[in-house]
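Q: Please read through the structure below; I'll follow up with questions.
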Amino acid sequence: MGQIMPSHIKAPSRIEAAGDKPKLIDEYVGKVNSGTSSLSIAHMRSPAGWTEPRQRPEFHEYTLVLRGTLRVEHDAGTLDVEAGQAVIAYPGESIRYSTPLADGAEYIAVCLPAFSPDTVHREDS
């Protein structure tokens, strides 16, 4: 039997972001960078005023805010998640992420299973 070894991920892959302003997504683990379908881990940096289309994903999304404030709109209201806080979005939940405040936001997103354009189900408007 061969020896199992850890996978060293030396750099992320830059992923194109949805939304109305440029947002940086660096995927470290996931379908694009490591061929991992069970989980994805991405470092996000969103500018002030960024917003993306509402979505109803098939995956859990765990988000840890490192800097700034990430706004999460959902069917029951709105959450402002600040640096040092986290939020969990559940499969089938209608949500929209944005960074409306002057400093934008920097955060880590973990999706289980991995993020996929085929399973995020973004709305057109």
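Q: From the square roots a ≥ b ≥ c of the eigenvalues of the alpha-carbon gyration tensor of segment 1-75, which class results: rounded (a/c under 1.5), prolate (a/b over b/c), or oblate?
A: Numbers: a/c = 2.44, a/b = 1.91, b/c = 1.28.
In terms of gyration-tensor shape, prolate.
Q: Which residue fluctuates most in the GNM of the chain (Cα springs below 10 Å): Thr63, Thr99, Thr36?
A: Thr36
Q: While we're on this one: How far apart, in nm, are the 7 Å Cα→Cβ label points at Ala48 and Glu73?
A: In this crude spin-label approximation the distance works out to 2.0 nm.
Q: Still on this structure, I have one more. Could you pull the accessible area for Lys21 with a 1.4 Å probe, rounded to 10 Å²?
A: Using a 1.4 Å probe on the heavy atoms, I get roughly 90 Å².
Q: Something else now. Identify the residues of segment 9-42 with backbone N under 14 Å of a label point that sits 7 angstrom from the Cα of Ser116 along the Cα-to-Cβ direction, or state none.
A: Inside the label zone: 30-32, 35-40.
Q: So, one more: On the protein heavy atoms, probe 1.4 angstrom, tell me the percent of accessible surface of the chain carried by carbon and sulfur. List each step's numbers first, then the result.
A: Details: 3920 of 7200 Å².
Roughly 55 percent of what the probe reaches on the chain is carbon or sulfur.
Q: For the chain, what is the mean residue ellipticity at 222 nm derived from helices alone (per DSSP H run of n ≥ 4: -39500 (n - 2.57); sum divided by total residues; nearest 500 deg cm²/dmol)? Intermediate values should be presented prior to the final figure.
A: On the way: 1 runs with 4 residues, N = 125.
Using -39500 (n - 2.57) per qualifying helix, the result is -500 deg cm²/dmol.
Q: What ranking, highest mean first, results for peptides 88-95, 2-9 when packing means the other Cβ atoms within 10 Å averaged over each residue? Intermediate results must be reported in sequence, preceding the final value.
A: Details: 88-95: 14.5, 2-9: 6.4.
Output ranking for 88-95, 2-9: 88-95, 2-9.
Q: Moving on to the next point. Could you pull out every one of the aspartates and glutamates with an alpha carbon less than 12 Å from that of Lys23, ignoring same-chain neighbours closer than 8 positions?
A: Glu52, Glu106
Q: Moving on to the next point. Could you tell me the accessible area of Asp80 in Å² (1.4 Å probe, neighbours in place), rounded to the nearest ten?
A: About 70 Å², ignoring ligands and nucleic acids.
Q: From largest accessible area down, sort Glu61, Glu123; use a 1.4 Å probe on the protein chains.
A: On the way: Glu61 15, Glu123 80 Å².
Ranked list, largest accessible area first: Glu123, Glu61.
Q: Turning to a different aspect of this structure: Mind checking the per residue accessible area of segment 24-67 for me, 1.4 Å probe, whole number of Å²? Don't skip to the answer; put the middle values down first.
A: Working: 1920 Å² over 44 residues.
Normalised by residue count, the accessible surface of segment 24-67 is 44 Å².
The values are calculated or read from the model by the stated rules, or taken from the named source; none is laboratory data. Note that the coordinates shown come from a computational prediction; the quantities given were computed from them, not determined experimentally. Every residue, glycine among them, receives a Cβ derived from its backbone with ideal geometry; neighbour counts consider all protein chains shown. The area values use the complete protein model at the heavy-atom level, side chains included, leaving out ligands, DNA and RNA. Shrake-Rupley method; radii C 1.70, N 1.55, O 1.52, S 1.80 Å.
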